[in-house]
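Novice: One structure is given below, represented as structure tokens, and several questions about it will come after.
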Amino acid sequence: MEIMGFSDRHAEDFRRLNEIWILQHFQLEEKDRRQLIDPQGEILAVGGFIFVAEHEGAVVGCCAMLRLEDGGFEVAKMTVAEDVRGQGVGRALMDACLDKAKAEGAGRLYLETNSKLAPAMHLYRAMGFKDCAPRQSDYERCDVWMERRFGPDTP
């Protein structure tokens, strides 16, 4: 498996993988539609990043980082193909996000999720994310807010 930056050839897989997991548990919302139709304009062109996981030439996972006004990033659109879940793909994508955030000098990574996504929440907590106070969200499905802060002594 290889983690790499997004290119136009990944656009259809990014959309497809995200639509599959969202529709398994929730409904597509307006922000989802915008980001999945135009990841270049909605994520990359405004200072964000997208990572994809490829295995034997197939995209098996992806994750976006949306730039926040405070210089941090929001982790978004993270999904792993069902047939490779539990094989470390999500952890590898989160490692890429953590490394990129630190390289960019971000003070934090933030994310919004849902409490019924237990495997994802377990991964986030294992990666050092802590629950934070609820706030306004663009997503109706959001009921958990988490962040991981970085500082001079943060690994």
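No lab work stands behind these numbers, since they all come straight from the coordinates. All figures in this text were calculated on a predicted structure; none of them were measured in a lab. For neighbour counting, all protein chains shown are included, and Cβ atoms are generated from backbone atoms with ideal geometry for every residue, glycine included.
Novice: Which cross-chain or sequence-distant (5 or more) residues have an amide H under 5 Å from the amide H of Cys132, H modelled 1.01 Å from N in plane?
Specialist: Those lying under 5 Å, H to H, from Cys132 are Trp145, Met146, Glu147.
Novice: Quick one: P(r) of segment 63-129 from all Cα-Cα pairs, 10 Å bins, percents rounded to integers, in order of increasing distance.
Specialist: 20, 56, 22, 2
Novice: What list do you get for His10, His25 if you sort them by fewest beta carbons within 10 Å? Spell out each step's value before the answer.
Specialist: Numbers: His10 19, His25 10.
The most exposed by this proxy come first: His25, His10.
Novice: Now a separate question. What list of ³J(HN,Hα) values in whole Hz, one per residue of segment 114-127 in order, does the Karplus curve 6.51 cos²θ - 1.76 cosθ + 1.60 (θ = phi - 60°) give from phi, with Gly and Pro shown as x?
Specialist: 10, 4, 7, 8, 4, x, 5, 5, 4, 4, 4, 5, 5, 8
Novice: If you don't mind, another one. For segment 110-155, what number results from the quotient of the Cα radius of gyration and 2.2 N^0.38 Å? Please list the in-between numbers first.
Specialist: Numbers: Rg = 11.4 Å, N = 46, 2.2 N^0.38 = 9.4 Å.
Ratio of Cα Rg to 2.2 N^0.38 Å: 1.21.
Novice: Between Rg and the Kirkwood Rh of segment 48-87, both from Cα atoms, what is the Rg to Rh ratio? Could the numbers behind the result be given before it?
Specialist: Details: Rg = 12.2 Å, Rh = 11.1 Å.
Radius of gyration relative to Kirkwood radius: 1.10.
Novice: Using modelled backbone amide H atoms (1.01 Å from N, in-plane), which distant-in-sequence or interchain residues come within less than 5 Å of Leu68's amide H?
Specialist: Phe73, Glu74
Novice: Let me ask you something else. Would you mind giving the three semi-axes, in whole Å and largest first, of the ellipsoid equivalent to segment 2-107 according to its Cα gyration tensor?
Specialist: Working: eigenvalues 80, 59, 32 Å².
Semi-axes (√(5λ), whole Å): 20, 17, 13.
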